[in-house]
C-alpha cells in the first residue's frame, strides 16, 4: 500500500511539472507573437500615420508661404550653375562636388555619415524638407536630413545621406529607407523598372527623375553607390562614369534581413 501511494505522489509531481512547462511555453509563445505583431503591424501603423501627417504639414506650409528662391533654402532651390534643368540629367555643366561621401559605417548601420547641415527650409518639428513620390508604388513619404534609425528611418521617413547632393543638384541625391517595419517605405522598390518616374518636391520646386539602373544586391559597406558619380565598388559593372544629377534609393535585402543592400538609381529629367 505505501508503495502505491508513493507512486501516485510521483505521478502528481510529474503532471504538475508538465503543466508548468506547458504554461511557460504558451506564455513565451504569446509574448513572441505580440512582439511580431508589434514589429510587423504596430510600428508600420504608427510610422505611416506620422509620415502622412508630415507630408500634409509640409505641403500645407508650402501652399500658403512663398517659395525660398535666394539664400538659406535647400541645396538646389536657388538657380545656379549647379542646377540641372530639363534634358536627360546627364550632367550638363557638371563639375562641382556636393561634399564628402559618407563613411562605410553609415551605409552599413544607418547612422549619419557626416556632419552635413540640415537644410534651412526643413520643417522645424521633424527635419523633413522634401516629399518623395513614386507613382508605380503608390508611395508618398517625407524626406528628412540624416539616416539615423531612431530620429528618421524608424519614424517612417526616408533619410538623406549627409554629404551627398541636394535634390536637383549635379551629384548624387542619395536616400535610405526601411524595407520592413516602421512604415517600410522602400519595401517594394525592387519592383521599379527603367523609365519609372520619381518626383521630389521641395518648398521651391519639384524635381522629376527617371529610373535608370537597379543593383539587386551589394555589400552594406559599398559606399561607391552613393558617391557623386555612383558606381558599385563590389560589382563595378553597375554604375556610371560621367557626372550627372542622380537620385539613389537604398534599402536592405533580402526582406526581413540586413545582410545586403538593394540600390535603385535614377536620373534627373525635369525641374518645375
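Any read-out appearing in this document is the output of simple, stated calculations on the displayed coordinates, not a laboratory observation. Values in this document were obtained by computation on a predicted structure and should not be read as measured data. So basically every Cβ, Gly included, is an ideal-geometry build from the backbone, and we count neighbours across all protein chains shown.
Taking square-rooted eigenvalues a ≥ b ≥ c of the alpha carbon gyration tensor, is the stretch 131-272 rounded, prolate or oblate, where a/c under 1.5 means rounded and, failing that, a/b exceeding b/c means prolate?
Verdict is rounded for the stretch 131-272.
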If I stretch the segment between residue 61 and residue 258 completely, what's the gain in nm (0.36 nm per residue apart, minus their alpha carbon distance), one decimal? 67.3 nm
Taking 206, 253 and counting other C-beta atoms within 10 Å, the order from fewest to most: 206, 253
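With a ≥ b ≥ c the root eigenvalues of the C-alpha gyration tensor of the stretch 142-200, is it rounded (a/c under 1.5), prolate (a/b larger than b/c) or oblate?
oblate
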Between residue 18 and residue 53, the two model label points (7 Å from Cα along the beta-carbon direction) sit apart by a distance in nm of 5.2
